[in-house]
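Bear in mind these aren't lab numbers, they're just calculated from the coordinates by the rules spelled out. Small disclaimer: the values here were computed from a predicted structure and weren't measured. Neighbour counts are summed over all protein chains in view; Cβ atoms, including those assigned to glycine, are modelled from backbone coordinates with ideal geometry.
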Amino acid sequence: MKKAILILSTLAIVSCKTDNNSSTNNIEGEKNTIENTENSEKTESGKSLPKFATLKEMLEDSGDFNEEVGTLKYLSLDENKLHIQVSKPILENDLESVKNEIVKRDIVYVAFQTFAQTDINELTITSIPDSSDNPKKYFEKYKQTVKIDREKAKIILKKYLESEDFSILYEEQNEMWLPSKNFSVLKFEKLNEVYSEMTEK
């Protein structure tokens with residue numbers, strides 16, 4: 001009888017140890033799965049798109065427009081009334097449609113660049129082309145001004161690129177952040193549609 005009790009006790013202890021080991025293994029397994037998922041997410045996402053505290057910092061970093069040359073003017077740096085003017089050269093014998101597209105493209109580019117690389121919620125952009133021979137000679141005839149906020153831009157982004165994440169407009173190449181193919185959809189393929197929606201009241 002004592003022998004039988006001893007055998008049963010031994011089996012019970014072994015069984016408990018097995019259960020404990022099994023629980024420990026399950027916890028470790030779950031922990032490893034979580035860690036692997038986190039590492040996978042970090043690897044897939046890579047570095048995040050750089051953000052700038054101000055519009056001025058962003059524009060100085062990109063170097064697309066320049067104050068000294070006259071292709072960039074800060075008409076208002078008041079946070080509640082941000083307003084800039086940008087210019088790109090046109091040729092006088094360019095087609096009218098080409099001249100107008102250059103103006104629209106600059107507005108679309110600066111607006112979405114701003115929402116991707118800063119936390120600014122609203123700004124006004126004036127685009128006025130200049131002469132390829134003289135950057136300080138402006139063509140008032142083609143001048144356009146658009147006021148745009150982040151929410152409207154997000155709706156446009158969602159419509160044409162099925163995302164509300166502005167960072168998809170950039171990609172990292174050789175440690176530099178450059179406009180991606182997604183940005184080209186807004187600036188070229190769907191330029192007129194995007195610009196039209198930006199200017200809707």
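As a footprinting exposure proxy, order D106, D61 by other Cβ within 10 Å, with the fewest listed first.
Fewest to most other Cβ atoms nearby, the residues stand as D61, D106.
Label K159 and V98 with points 7 Å out from Cα along Cα→Cβ: what is the distance between them in nm?
Modelled inter-label distance: 2.9 nm.
For region 55-198, just list the percent of Cα-Cα distances falling in each 5 Å bin from zero outward, please.
All Cα pairs, binned at 5 Å, distribute as 2, 10, 20, 22, 21, 16, 7, 2, 0 percent.
With a sphere of radius 12 Å drawn around the Cβ of N182, what net charge do the other residues whose Cβ falls strictly inside it have (Lys, Arg +1; Asp, Glu -1)?
Here the charged neighbours net out to -1.
Compute the relative contact order of region 51-201 as a whole-number percentage, counting only Cα pairs closer than 8 Å that sit 6 or more residues apart in sequence.
For region 51-201, the relative contact order is 21 percent.
Tell me the net charge near Y74. Cut-off is 14 Å between Cβ atoms, Y74 excluded, with +1 for each Lys or Arg and -1 for each Asp or Glu.
That sum, taken over residues with Cβ under 14 Å, equals -3.
Please identify the trypsin sites (Lys or Arg not before Pro) of region 98-145 that satisfy two criteria: DSSP loop assignment and at most 15 other Cβ atoms within 10 Å. Which are they? Walk me through the numbers before you get to the answer.
On the way: sites: K99, K104, R105, K136, K137, K141, K143; in loops: K136, K137, K143.
Answer in residue order: K136, K137, K143.
Taking the simple approach of a point 7 Å from Cα along Cα-to-Cβ for both S196 and E57, what is their distance in nm?
That separation, rounded to one decimal, is 3.8 nm.
When a footprinting reagent is the concern and you count Cβ atoms within 10 Å, what order do L91, L55, L49 take, fewest first?
L91, L49, L55
So what's the net charge close to K136: Lys and Arg +1, Asp and Glu -1, counting the other residues with Cβ under 12 Å from its Cβ?
-2
Quick check: pseudo-label points 7 Å beyond the Cα along Cα→Cβ at N121 and E151, how many nm apart are they?
0.9
How far, in nm, would the chain grow between D133 and S180 when pulled straight, counting 0.36 nm per residue and subtracting the alpha carbon separation?
13.9 nm
How long are the semi-axes of the equivalent ellipsoid of region 154-201, defined as square roots of 5 times the Cα gyration tensor eigenvalues? Whole Å, largest first. List each step's numbers first, then the result.
Details: eigenvalues 97, 26, 13 Å².
In descending order, the three semi-axes are 22, 11, 8 Å.
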